[in-house]
Amino acid sequence: MGNQARRRRRSRRGGETVARMLEHLHPAPRKPSRVVVLGALGFVGGTCARRLAARGIAILPLDKNDIDLIAADAGDELRERLRPNDTVLVVSARAPCKDTSMMVDNIRIMHAVCRAFERVPIAHAVYFSSDAVYSDGPLPLTEASATVPGSMHGAMHLARELMLKATVKARLAVLRSTLIYGAGDPHNGYGPNRFRRLAAAGEDIVLFGEGEERRDHVLIDDVAEIVCRVIERGSRGTLNIASGEVVSFRELAERIAGSVALPVAVRATPRQGEMPHGGYRPFDIAACRRAFPDFRYTPLADGLKQAAAE
């Protein structure tokens, strides 16, 4: 078996599916006939939709006000909106998934999407997943790392990935993103987005424990750029979206506190429970460099400035 055939096949090692690396159908960027964005009101979906439109790509943005993907007839309603040869970007989710009720709703959303895909011969599907599908480990994560999620959120995304892989007959790209930051984030999650808002208000930044865990953070603009490139190249396979740069939450908080005119303290608190991911979650981004050699992630220091200026 040649190298290309090895890359294209799916194998199993130790009971885990080894992801196929990202492959491009088009050697150069090409506009798809239309991109349907499911979850177009959200932080990620909205940013991607705006960037696609700015590139002159026809889009159909759909959100919960257009179709309730949890409803019993959602699959039929979505089918009526789709055209053959559409590209569909699937971002819609109840996230982060924290309990069984949210898990059920997220599976129902994907069931509706899969029902529509069974009836309409779309050209390309792109699923926006999460690095939470990976198990914890000290080595840098790659697209071939074991998918053994340790959280409800990770289990939800892995289940939805498997549902799509079992259903989609067209090209399918799965994009697994790490923590995202940037202006306009509605979640206010622990990390850059919350720290920026606290600092701008002159409030103390309160850490979990000493803030010693080290994580990768990726700017929303970089996320949207990768999504657009995957769509324009008609890519299939799996790609992680991560900068390759890890920083502790304490260092992150201190950088942000030092960037505002108001006095902002960074305070530790007693940690409740185990440190997520063992306190260290690095990525090997070689696959992204191979897929898009001219793309460079925004350094964290520059990204924080961009986010603060918007």
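The table that follows gives values for the structure above.
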item	result
From Tyr181, Tyr190, residue being buried (at least 20 other Cβ atoms within 10 Å of the Cβ), out of contact with any Cys (no Cβ under 7 Å at 6 or more places or on another chain) and of a type in the set (Phe, Trp, Tyr)	Tyr181
Subset of region 125-145 [open to solvent by 30 Å² or more (accessible area, probe 1.4 Å), under 17 Å from the mean Cα position of the chain (by Cα) and charged (D, E, K, R)]	none
Residue check, Ala49 surrounded by 17 or more Cβ atoms within 10 Å (Cβ to Cβ), at pLDDT below 95, under 20 Å from the mean Cα position of the chain (by Cα) and over 19 Å from Lys165 (Cβ atoms)	no
Evaluation of Lys169 against (1) in contact (Cβ under 8 Å) with a residue 12 or more places away in the chain; (2) open to solvent by 60 Å² or more (accessible area, probe 1.4 Å); (3) more than 29 Å from His26 (Cβ to Cβ); (4) not small (Gly, Ala, Ser) (one fails), failing number	(3)
Pairs with Cβ under 7 Å, 6+ apart, first in region 43-62 and within 23 Å of Pro96 (Cβ to Cβ) and aromatic (Phe, Trp, Tyr), second open to solvent by less than 20 Å² (accessible area, probe 1.4 Å) and assigned to a loop (DSSP other than H, G, I, E, B)	Phe43/Asp185
Subset of region 235-249 (residues that are among the small types (Gly, Ala, Ser) and outside any strand (DSSP E or B))	Ser235, Ala242, Ser243, Gly244
Residue list for region 257-275, restricted to those being farther than 16 Å from Glu213 by Cβ, modelled with pLDDT of 95 or more and either of a type in the set (Val, Ile, Thr) or in a helix (DSSP H, G or I) (or both)	Ala257, Val264
Restricting region 95-116 to residues that are closer than 15 Å to Ala71 by Cβ and touching a Lys or Arg at 6+ places or on another chain (Cβ under 8 Å), the residue that is most open to solvent (accessible area, probe 1.4 Å)	Arg115
Filtered residues of region 263-310 (kept if among the β-branched types (Val, Ile, Thr) and either open to solvent by 50 Å² or more (accessible area, probe 1.4 Å) or out of contact with any helix residue (DSSP H, G or I) (no Cβ under 7 Å at 6 or more places or on another chain) (or both))	Thr269, Ile285
Filtered residues of region 178-225 (kept if of a type in the set (Ser, Thr, Tyr) and over 18 Å from Gln306 (Cα atoms))	Thr178, Tyr190
Tabulated pairs, region 253-268, first on the phi > 0 side of the Ramachandran plot, second open to solvent by 40 Å² or more (accessible area, probe 1.4 Å), C-beta under 9 angstrom, 6+ apart or interchain	none
One residue from Ala200, Ala307 being touching a strand residue (DSSP E or B) at 6+ places or on another chain (Cβ under 7 Å), at pLDDT below 95 and of a type in the set (A, V, I, L, M)	Ala307
Failed condition for Arg119, given (1) touching a residue at least 12 places away in the same chain (Cβ under 8 Å); (2) under 21 Å from the mean Cα position of the chain (by Cα)	(2)
Among (1) more than 22 Å from Arg281 (Cα to Cα); (2) open to solvent by 10 Å² or more (accessible area, probe 1.4 Å); (3) aliphatic (A, V, I, L, M); (4) part of a strand (DSSP E or B) - the single one Ile122 does not satisfy	(4)
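The values are calculated or read from the model by the stated rules, or taken from the named source; none is laboratory data. Computed from a prediction, not measured in an experiment: that's the story for all the values here. Here the Cβ is made from the backbone with ideal geometry for all residues, glycine too, and neighbour counts use every protein chain on show. Keep in mind that these areas ignore ligands, DNA and RNA; they rest on the heavy atoms of the full protein, side chains included. Shrake-Rupley method; radii C 1.70, N 1.55, O 1.52, S 1.80 Å.
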